[in-house]
Amino acid sequence: MTTPNASTITIGGDLSVGRIGFGAMQLTGKQVWGDYPDRDGGIALLRAVIDAGVTFIDTADVYGPHTNEILIREALHPYPESLVIATKGGFVRGGYEYSTLGAVGNPNYLRQSAHMSARRLGLDGIDLYYLHSGQAIDVPFEDQVATLAAMKDEGLIRHIGLSNVTLEQLKAAREITSIAAVTALYNTSNRTGASLLGAAEEDGSVFSPWHPMGIVEGGDPERIIAALEPIAQNHSASRQQIALAWHLHRAPNMLPIPGTTSIEHLRTNLAAASITLTPEEVATITALVPEN
């Protein structure tokens, strides 16, 4: 599907944000552990994000853990009225190695996670709160979603999102509560989240692809680069910009969240929103990887 480059997208029917958000995960230590080593530079970058007109920032309590949310508050609080911050809970991290990453679905833990994220961010309520993983086995998935639904009823969460879930889990969650957003891996080279994209589009939910500019994460990298390069040359753009622009044309519910630690890269990322691809160019990129 080819869609016009609309300038905004709506989350949950009432939160209007720009079509390109900012993924803040890189503003942590190495391997997403600990503080971002250049605190002043991180603050300057986050302020540049706002100055550039970005109105959606994506973070999570496990980024650091906690340091990413704290840095966002230090840089931006009090927040612009137009800014929507999405955060996530449900993952735990026991140390520097990724092998210490796990998922917890205990309702009290999820409640604590949401309350503490709100406290660290300096918010009374969280506009968009994701269950960060569908992998927890200590509590049935449906009970985890019900916990978030209860927090929504109580006003701590405005809208609920799902991250790292299966299509079956998304369908099960919809039987319990409305799901405003889904985030999954989806880019020019890896379409792992394709079924979730389709389901979100049918339901009117936002789909937020992570690693949106990835071009060597699957499939045949050389073939993908060879397809992207002439399109990039045609638009006087980089391959990464074309990959990002493709998302905006691919479906009307796309909200990509590219991350960077460079103000220059931030600006080039946002410039991708002004690239208008032809239907043939969009079809060429879409056909590079099967989506079944």
DSSP beta bridge pairing in the chain, given as percent antiparallel to the nearest 5: 25 percent
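With 10 angstrom as the radius, rank Phe56, Phe91 by how many other C-beta atoms surround their C-beta, starting from the fewest. Before the final figure, lay out the partial values.
Details: Phe56 28, Phe91 22.
Ordered by Cβ neighbours within 10 Å, fewest first: Phe91, Phe56.
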Under Karplus coefficients 6.51, -1.76 and 1.60, residue-wise ³J(HN,Hα) of segment 98-105 in Hz, glycine/proline x: 5, 5, 8, 7, x, 10, 10, x
Convex hull volume per residue for segment 1-87, taking Cα atoms only, in Å³: 115 Å³
Sparse-neighbour loop sites [GluC sites (Glu not before Pro); segment 16-124; at most 15 other C-beta within 10 Å; DSSP]: Glu81, Glu97
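Rank the residues Glu217, Glu154, Glu281 as a footprinting-exposure proxy: fewest other Cβ atoms within 10 Å of their Cβ go first. List each step's numbers first, then the result.
Details: Glu217 14, Glu154 11, Glu281 22.
So the residues, fewest neighbours to most, are Glu154, Glu217, Glu281.
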Ellipsoid equivalent to segment 200-292 - semi-axes via the Cα gyration tensor, in Å: 19, 18, 13
Lysines with Cα under 26 Å of Lys30, excluding same-chain neighbours fewer than 8 positions away: Lys88
Antiparallel %, DSSP beta bridges [both residues in segment 1-103], to 5: 55 percent
Ranked Asp38, Asp203, Asp58, criterion: other C-beta atoms within 10 Å, fewest first: Asp38, Asp203, Asp58
Label selected from [x] 53, 43, 38; [y] 88, 53, 40; [z] 58, 37, 36, the criterion being Cα extents along the principal axes in Å as computed here: [x]
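No value in this document is a laboratory result; all are computed from the given coordinates. Everything quoted here is computed from the prediction, not taken from an experiment. As a convention, Cβ positions derive from the backbone with ideal geometry for all residues, glycine included, and neighbour counts pool all protein chains shown.
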